[in-house]
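For reference, the structure discussed in these notes is given below.
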Amino acid sequence: MDKSHQSALRVQAGIEHPTQINPYLRKKNIKKSKLLSKQEYIDGILSQNIVVLSKAITLIESNLRNHHELAQEIIEACIPYSGNSIRIGVTGVPGAGKSTFIDTFGKHITSFNHKLAVLAIDPSSELSKGSILGDKTRMEELSSDSNAFIRPSPSANSLGGIARKTRETIILCEAAGFDVVLVETVGVGQSETAVHSMVDFFLLLMISGAGDELQGIKRGIMEMADALVVNKADGDNVKKAELTKIQLENALRLFPLGESQWAPPVFTASALYNTNIDVVFQAIKDYIAHTKANGFFAKNRIEQSKKRFRDYLEEELFDLFRSDKEVKASLPLIEEKLLEHKLSAYSAGKKLIDMYLRNACKVINAADNKKG
């Protein structure tokens with residue numbers, strides 16, 4: 001072997017890996033956004049000021065107690081101006097092209113001079129609790145449409161990937177004049193019932209050529225869908241999409257009609273080539289007319305309001321319970337006894353609940369004595 005031969009391969013000296021946090025941002029004095037007055041928020045929303053609407057939604061999503069109270073006052077003031085939109089939930093299997101579909105579908109909707117709000121729920125990281133919030137970059141056409149408002153929000157690990165305050169956000173968007181609201185979910189799962197409970201129409205996106213499609217879909221999701229769309233039906237995939245459509249139609253025939261008395265149709269479509277998008281929107285309008293005629297639309301809205309009320313009670317009571325100082329301090333000790341099999345789950349829970357109720361009674365008695 002010729003030792004004088006020089007190899008073309010070289011090992012270059014590495015560079016120091018940069019910090020994950022921009023040092024400039026760390027040093028920079030970043031001014032916090034100033035809160036507006038309650039009336040400024042309300043007036044801005046009702047005058048269709050998108051900047052004020054965005055600030056109000058940020059207020060709704062805040063976990064700070066004083067922000068929560070102000071947000072609820074704004075929501076109450078906006079309720080009389082809400083309820084006049086078509087609320088559409090869009091979910092789908094991974095890779096179904098939800099964002100691309102909404103981009104094309106949304107442009108079709110705004111072409112009829114509808115005002116469209118898209119609430120795109122971004123999955124939050126289990127580790128960092130952060131989210132990318134990149135839906136605006138995936139909806140290039142719609143993001144530049146003056147009749148469209150896209151609001152990406154972190155799911156914050158809430159049920160079904162739905163941001164905790166999405167229902168309140170819908171109210172604000174409707175008060176701001178948006179007559180169609182789309183809620184895009186993270187993906188398909190049993191917890192997608194959270195989306196179903198806040199929309200009028202539930203659209204399920206499918207794709208073909210991904211194995212046994214029916215095996216990857218939960219029966220509960222199929223039963224909740226008001227229409228199914230086999231997306232990406234273009235090019236060499238058209239025949240496969242038609243086959244998938246037939247399979248889904250056969251599966252749906254096994255399900256009885258729901259309370260709405262609506263038979264969910266199945267369509268093939270291509271968001272990329274804008275094929276059959278108009279057919280999907282017409283089906284939604286037909287559904288709205290059908291359910292308004294038989295009374296289901298109004299009844300469903302009432303049931304959704306009841307559910308939100310009950311959900312709020314559960315959330316608020318649990319937050320109050322967890323914020324109790326004695327409960328918070330005792331929780332690790334009681335959990336330890338539970339894991340050591342010294343307490344049953346029932347006994348452990350009852351101890352904490354009794355502790356909370358005892359402390360709550362003390363607070364109420366102290367308040368009564370102060371009044372007296």
Can you pull out every residue in segment 68-84 that is of a type in the set (Gly, Ala, Ser) and crowded, with 20+ Cβ neighbours inside 10 Å? Ala71
I'm told Tyr273 meets every condition in (1) at negative phi; (2) surrounded by fewer than 12 Cβ atoms within 10 Å (Cβ to Cβ); (3) not in a helix (DSSP H, G or I) except one. Can you identify the failing condition by its number? (2)
Of the listed residues (Ile364, Ile334, Ile288), the one being β-branched (Val, Ile, Thr), assigned to a helix (DSSP H, G or I) and either in contact with a Lys or Arg (Cβ under 8 Å, 6 or more places away or on another chain) or at positive phi (or both) is Ile334
Exactly one of Lys337, Lys350, Lys328, Lys370 is surrounded by 10 or more Cβ atoms within 10 Å (Cβ to Cβ) and out of contact with any helix residue (DSSP H, G or I) (no Cβ under 8 Å at 6 or more places or on another chain), and that residue is Lys350
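Would you confirm, using the coordinates I've provided, whether Gln304 is within 30 Å of Phe105 (Cα to Cα), of a type outside the set (Phe, Trp, Tyr) and assigned by TED's automatic domain parsing to the domain that holds Gly89?
The answer is no for Gln304.
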Is there a residue being at pLDDT below 85, surrounded by fewer than 22 Cβ atoms within 10 Å (Cβ to Cβ) and within 17 Å of the chain's Cα centre (by Cα) anywhere in segment 96-113? no
Which of the residues belonging to segment 32-55 are farther than 20 Å from Ala117 by Cβ, in contact (Cβ under 8 Å) with a residue 24 or more places away in the chain and part of a helix (DSSP H, G or I)? Lys38
Modelled with pLDDT of 95 or more and farther than 19 Å from Lys115 by Cβ: does that describe Ile15? no
Number of the condition not met by Arg310 [criteria: (1) farther than 18 Å from Asn84 by Cα; (2) assigned by TED's automatic domain parsing to the domain that holds Thr244; (3) free of Cβ contacts under 8 Å to residues at least 40 places away in the same chain]: (2)
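The values are calculated or read from the model by the stated rules, or taken from the named source; none is laboratory data. Quick caveat, the model's predicted, so the values are computed rather than measured. As a convention, Cβ positions derive from the backbone with ideal geometry for all residues, glycine included, and neighbour counts pool all protein chains shown.
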